[in-house]
Amino acid sequence: MTAVEETLAAVKADLVKDMKNGTWTPEPGDALHECEFIKAGFRSWGLEAPDKSWRLVLSRLDFGDSNPSALLTVYAPNHANAFGDLNWFVFSHSVGVNGGTNYNQCVARLNETLGGSKIDWGRRIVYLVERARHVNAGNSNGTFSTSTRPVLTAPPPFIFEGRMRQGRTMSIFGAGSAGKTTLVDGLIVAACSGHEVIPGWRPTRQFRALVLDWDEGYEEESIRIDAICAAYGIEMTGEYHYKRQTRPLHDVADEIGAYIVDNAIEIVVISPMGRATRNFGENITAPVDELYEIIRSFGTTNIIIDHVTGDNIKGGAMREFGSVRKRDNVRGSYGIDVQNEEPGIRVLVMRNTKADALSPRQADQAVRIEYQPPWPHEDGTYDTISFHPDDISAPAFGQDGGRPMKDVLREMLAFEHLTIEELADRSGMRPASIKTTLYQAQIAGKRLFSRLPSGKWEALPISNGITSNVTDPS
C-alpha cells in the first residue's frame, strides 16, 4: 500500500469513527463550521453562527404530519435588517421539512436579507431540520430500545432534600381556598433563596423558578411572596419569575419554552391545572396528556396546583378531581386538607397520596400557617406569613381508619349537651377545629348541630330519609 493509499485509508477510518460516535465536525470552509446547535424552547431548536451574528430557530414542528412543516425564525444582532426592540428579529417564514416551495422561498429570503450563498443557507436549514428530527425522537417522543441489561444509574439530585428530585413533576391538590397556593409560594421562596421555609422541605441549593399563573394575578401573588420573605428575613436571589396566563399552555408553549431556555428556569409552577389545559369536549384524558407532554419537553422540575370537588373532599381527598390520567402522569401527589382555622392561623395536613418512585413516601405532615396581622391591612397586605410544624388531630379525617370529625361530634352530642371546651377535653381535638365543624357541618343542606342559649351544643335530628352513623351507646 502506497503512502497516499495509507493516508486515504486513515482519513476514511477516522471519518467512519466520527460518524459512528456522532462526533463529526465540519471542516473549515463548510457552511456549518463551528455553528452551534442549541435548544431554543418547547420542541424548538436553533443553529447559531460561531460569531453570534445570526441564529436560526426552528419551532412548531410536527413530524407526525404527512407533509410536516415548521416555522423558521431568524435573528441577527445589530444587523441593518433586524428589529432591535424585538430581540433583533429579522423575519419568520414557514419552511417545508422535506423541501418544496416554502423551503426555496426561505433560502432566497435569507440570501437577500443576510447575504451569503443560497447553497450555504440551504445546507444550514437541512442540517437544522434533521438534527431537530433526531432530537425530537430522542427526547421522549420516539422509541427507546436496548439490547442489553439496563444499567442502574444515579437518580437525579434532589430539589428538596429527600422529597422531590430534579426533573420530576409533583401535584399539590385540595379543596378551593384550602391554602395550596400559599403553601407552594413557601416552596418557591425556599427554592429561590436556598433557605428552609416549609418545615422539612429543605432546598439543596438556590434555583430559578417560574410561576405560570392562570388563577389570581400578580397582586395577590406578590403579597404572599413579600410577606413570606419578610417573615424569614430572606431574599430570593436565585431568581423568581412570574407570567400571567390567559390562554391554555398548549397555545403559548413555544413562547414559554423559549423563555425557560433564555432564563435557565429550573422549576415551573402551574396554577391551576384545570385552566392550563385545553377543552377537548368529552375527551377528558387528551388535555391532561397534552399538558404533561409539554412540561416534560421543558425539561424542568414542575409543581402543579390542582383541585378536588364534591364528594372527593369528604374525609380528605385522596386524588385529584377528574381524569385518572392525572394520577398516571404525575410522579408524586400531596393532598392538602384544612385541619382547623381561626383568625391568623390555618393548620393544613399534607398527605403524600402518591409517592414518587425516586423518592421515599412521606408521612402525613401538619403545617401551621400564621398570618401577621390576623386580618390583612386595608390594602390587602400582611406583614408576615410564616410556616410552623403542628400536630395532626387523627379523628378529624377519614384516613387511616379515622372518622370524619362531624361523626365523632354527633356521637358525643347525641344524648347530652356539651360546650366546645368539654368536647375538646373528651376528644383531644382542637377547640377551633371543633367550632368550625359545629357551625359548618351539613347533610343535604341541613345543619347537623345547633348552639343552645346556655352555650352548649346539641345534635339536630336527621330526617328526609337521611341516615346517621351515630348509634345509641345503651
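Per-residue answers, yes or no, for (1) within 21 Å of ALA31 (Cα to Cα); (2) at pLDDT below 95; (3) basic (Lys, Arg):
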{"residue": "ALA49", "(1), (2), (3)": "yes, no, no"}
{"residue": "SER66", "(1), (2), (3)": "no, yes, no"}
{"residue": "LEU72", "(1), (2), (3)": "yes, yes, no"}
{"residue": "PHE83", "(1), (2), (3)": "no, no, no"}
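Output yes when any residue across region 98-120 is open to solvent by 50 Å² or more (accessible area, probe 1.4 Å) and hydrophobic (A, V, I, L, M, F, W, C), and no when none is.
Yes - at least one qualifying residue is present in region 98-120.
Evaluate region 177-198: report whether one residue or more is surrounded by fewer than 16 Cβ atoms within 10 Å (Cβ to Cβ), polar (S, T, N, Q) and without any contact (Cβ under 8 Å) to a residue 12 or more places away in the chain.
There is at least one residue in region 177-198 that is surrounded by fewer than 16 Cβ atoms within 10 Å (Cβ to Cβ), polar (S, T, N, Q) and without any contact (Cβ under 8 Å) to a residue 12 or more places away in the chain.
Which pairs turn up if I take residues in region 13-36 that are at pLDDT 65 or above and hydrophobic (A, V, I, L, M, F, W, C) and look for partners that are in a loop (DSSP other than H, G, I, E, B) and open to solvent by less than 100 Å² (accessible area, probe 1.4 Å) with beta carbon separation below 9 Å, at least 6 apart in sequence or on another chain?
Final answer for the pair search is ALA31/GLY116; ALA31/SER117; LEU32/PRO26; CYS35/PRO26; CYS35/ALA49; CYS35/PRO50.
Consider ARG208 carefully, then state whether it is open to solvent by 10 Å² or more (accessible area, probe 1.4 Å), among the basic types (Lys, Arg) and farther than 26 Å from ARG275 by Cα.
Details: open to solvent by 10 Å² or more (accessible area, probe 1.4 Å): yes; among the basic types (Lys, Arg): yes; farther than 26 Å from ARG275 by Cα: no.
Spelling it out, it is not the case that ARG208 is open to solvent by 10 Å² or more (accessible area, probe 1.4 Å), among the basic types (Lys, Arg) and farther than 26 Å from ARG275 by Cα.
Which condition breaks for GLU216 when tested against (1) over 16 Å from the mean Cα position of the chain (by Cα); (2) among the acidic types (Asp, Glu); (3) within 17 Å of SER297 (Cβ to Cβ)?
GLU216 satisfies every listed condition except (3).
How many of the residues in region 451-462 are surrounded by 12 or more Cβ atoms within 10 Å (Cβ to Cβ) and either assigned to a strand (DSSP E or B) or without any contact (Cβ under 8 Å) to a residue 24 or more places away in the chain (or both)?
First, pick out the residues of region 451-462 that are surrounded by 12 or more Cβ atoms within 10 Å (Cβ to Cβ): 451, 456-460, 462.
Restricting the remaining residues to those that are either assigned to a strand (DSSP E or B) or without any contact (Cβ under 8 Å) to a residue 24 or more places away in the chain (or both) gives 451, 457-460, 462.
Of the residues in region 451-462, 6 are surrounded by 12 or more Cβ atoms within 10 Å (Cβ to Cβ) and either assigned to a strand (DSSP E or B) or without any contact (Cβ under 8 Å) to a residue 24 or more places away in the chain (or both).
Those residues that are modelled with pLDDT under 90 and under 21 Å from ARG278 (Cα atoms), I need them from region 232-254; list them, please.
Across region 232-254, the qualifying residue is only ASP254.
Go through (1) open to solvent by 30 Å² or more (accessible area, probe 1.4 Å); (2) modelled with pLDDT of 95 or more; (3) β-branched (Val, Ile, Thr) for VAL151 and report which single condition fails.
That leaves (2) as the condition not met.
Of all residues in region 217-237, how many are touching a helix residue (DSSP H, G or I) at 6+ places or on another chain (Cβ under 7 Å) and either open to solvent by 10 Å² or more (accessible area, probe 1.4 Å) or on the phi > 0 side of the Ramachandran plot (or both)?
Summing the residues that are touching a helix residue (DSSP H, G or I) at 6+ places or on another chain (Cβ under 7 Å) and either open to solvent by 10 Å² or more (accessible area, probe 1.4 Å) or on the phi > 0 side of the Ramachandran plot (or both) in region 217-237 gives 7.
The values are calculated or read from the model by the stated rules, or taken from the named source; none is laboratory data. If you're wondering where the values come from, they're calculated on a predicted model, not measured in any experiment. So basically every Cβ, Gly included, is an ideal-geometry build from the backbone, and we count neighbours across all protein chains shown. The accessibility values were calculated without ligands, DNA or RNA, using every heavy atom of the protein model including side chains. Shrake-Rupley method; radii C 1.70, N 1.55, O 1.52, S 1.80 Å.
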